[in-house]
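Readers should treat all values here as calculations from the given coordinates under stated rules, not as data from a laboratory. Computed from a predicted structure; not experimentally measured. No Cβ is skipped: glycine too gets one built from the backbone with ideal geometry, and neighbour counts run over all protein chains shown.
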Amino acid sequence: MNDRPKFLSASASVEVPFHDVDAMNVCWHGNYLKYFESGRAALLRKFDYDYREMQASGYVWPVVEAHLKYVKPATYGQWLDVHAHLLEYECRLKIAYEIFDRASGTRLTKGYTIQVAVHAATQELQYLSPAVVFEKLERAWAQ
């Protein structure tokens, strides 16, 4: 078995829609979490554990913590590249995000979310990630 740290990243592109901006043409701060979700979904699909697969495995993964740092505002019509990086997976999923302006490469926002596994049938918090997470990650890393 390889002892080097294992990483997994994915990206998604998002265009800031009109309904996400305020009267000053600035993206409302709460919408950045929605953009994080686009990156998170791309990352989860990369190791075949998107929300359908989570549900099928018998676990739900609520977000229990989110942190954002706003560097520069996004505006209507701006294309964003959302990068998601898996930081932790043994006991929880900690995913880091960076949002960049596609045209200039300028970083606009960074942050992270933490999700924990909850057994769907019993609603019991899992203190270790379910075996299915490790199995799916090992397959993704092997590719």
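Each Lys and Arg adds +1 at its Cβ and each Asp and Glu adds -1 at its Cβ; summed about the Cα centre, the stretch 26-80 shows a dipole of about 220 debye.
With the helix formula -39500 (n - 2.57) applied to DSSP H stretches of n ≥ 4, the chain reaches a computed 222 nm mean residue ellipticity of -7500 deg cm²/dmol. Which of (1) 0.99; (2) 1.02; (3) 1.56 is the computed Rg/Rh (Cα atoms, Kirkwood Rh) for the structure on display? Checking each listed value against the structure points to (2). When the inverse distances between all different Cα atoms of the stretch 60-132 are averaged and flipped, the Kirkwood radius reads 13.8 angstrom. Evaluated with a Cβ-only charge set (Lys, Arg +1; Asp, Glu -1), the chain carries a dipole of roughly 260 debye about its Cα centre, given to the nearest 20. Fully extending the segment from Val60 to Gln123, taken as 0.36 nm per residue of separation minus the present Cα-Cα distance, adds 21.8 nm. Note that the stretch 7-70 shows a convex hull volume over its alpha carbon atoms of 118 Å³ per residue. Once C-alpha pairs closer than 8 Å and six or more residues apart are averaged by separation and normalised to the residue number of the stretch 79-143, the relative contact order reads 26 percent. Of all lysines in the structure, those lying under 16 Å Cα to Cα from Lys110, and not within fewer than 8 positions of it along the same chain, are Lys34, Lys69, Lys72, Lys94. Gain on full extension, evaluated as 0.36 nm per residue between Ala140 and Arg45 minus their Cα-Cα distance, stands at 33.2 nm. Overall, the stretch 63-143 carries a charge dipole of about 320 debye about its Cα centre when +1 sits on the Cβ of Lys and Arg and -1 on the Cβ of Asp and Glu, all other atoms neutral.
Normalised by the number of residues in the chain, the average gap of Cα pairs under 8 Å and 6 or more apart makes the relative contact order 27 percent. Here is the list for the stretch 1-64: trypsin sites (Lys or Arg not before Pro) lying in DSSP coil, each with at most 15 other C-beta atoms within 10 angstrom of its C-beta, are Lys6.
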